[in-house]
Amino acid sequence: VMRAITIRFPDDLATDAQLESRSAGESINQLVVDAVAEALDRRRANRALARMSERIGRMRQQGRVGAPSEPLIRELREGHGRRG
């Protein structure tokens, strides 16, 4: 189900959007829908990352986060610390 809404664009942005949609062989509606979907995905991801960062900060304050694992992984990949 699709819902129609009215959006006002600055003239130069509307012109650029029309030119881009034509060159891509798609409707301006599809261009706008895709752009809004991508923006929403990006915003949701940024909020999730911010929540994770806050949670890690709280866990660090509580002493519940150990040392980063990247140096250990790098050493193991380079063959250091392996047994045998």
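The values are calculated or read from the model by the stated rules, or taken from the named source; none is laboratory data. Small disclaimer: the values here were computed from a predicted structure and weren't measured. Quick reminder, even Gly has a Cβ in these numbers, built from the backbone with ideal geometry, and neighbours come from all protein chains shown. When the accessible area is computed, the model is the full protein with side chains, heavy atoms only, and any ligands, DNA or RNA have been set aside. Shrake-Rupley method; radii C 1.70, N 1.55, O 1.52, S 1.80 Å.
Select from Gly79, Val36, Pro10 the residue farthest towards the positive end of the dipole of the chain; place +1 on Cβ of Lys and Arg, -1 on Cβ of Asp and Glu, and compute about the Cα centre.
Of the options given, the answer is Gly79.
With each run of n ≥ 4 DSSP H residues scored as -39500 (n - 2.57), what mean residue ellipticity at 222 nm is computed for the chain after dividing by its residue count and rounding to the nearest 500 deg cm²/dmol? Could the numbers behind the result be given before it?
Details: 3 runs with 56 residues, N = 84.
Here the helix-only value at 222 nm equals -22500 deg cm²/dmol.
Of the heavy-atom accessible surface of the chain (probe 1.4 angstrom), what whole percent is carbon and sulfur?
Details: 4130 of 7980 Å².
Carbon and sulfur: 52 percent of the exposed surface of the chain.
In the stretch 7-84, which trypsin sites (Lys or Arg not before Pro) fall in coil by DSSP and have 10 or fewer other Cβ atoms within 10 Å? Could you put the intermediate results ahead of the total?
On the way: sites: Arg8, Arg22, Arg42, Arg43, Arg44, Arg47, Arg51, Arg55, Arg58, Arg60, Arg64, Arg74, Arg77, Arg82, Arg83; in loops: Arg8, Arg64, Arg82, Arg83.
Here the sparse-neighbourhood loop sites are Arg8, Arg64, Arg82, Arg83.
Accessible area per residue of the chain at 1.4 Å probe, in Å²?
Numbers: 7980 Å² over 84 residues.
Per-residue value: 95 Å².
Across 10 Å bins from the origin, how do the percents of Cα pairs in the chain run, short distances first?
13, 22, 19, 15, 18, 11, 2
Which loop GluC sites (Glu not before Pro) in the stretch 17-84, with loop taken from DSSP, have no more than 10 other Cβ atoms within 10 angstrom of their Cβ?
Details: sites: Glu20, Glu26, Glu38, Glu54, Glu75, Glu78; in loops: Glu26, Glu78.
Loop-located and lightly packed - Glu78.
Once the Cβ-Cβ distance between Ser69 and Leu49 is put in as r, and R0 is 25 Å, what FRET efficiency do you end up with, to the nearest 0.05?
On the way: r = 18 Å, r/R0 = 0.74.
Efficiency computed from Cβ-Cβ geometry: 0.85.
Please give, to one decimal in nm, the separation of the simple spin-label points placed at Leu13 and Glu26, each 7 Å out from Cα toward the Cβ.
1.8
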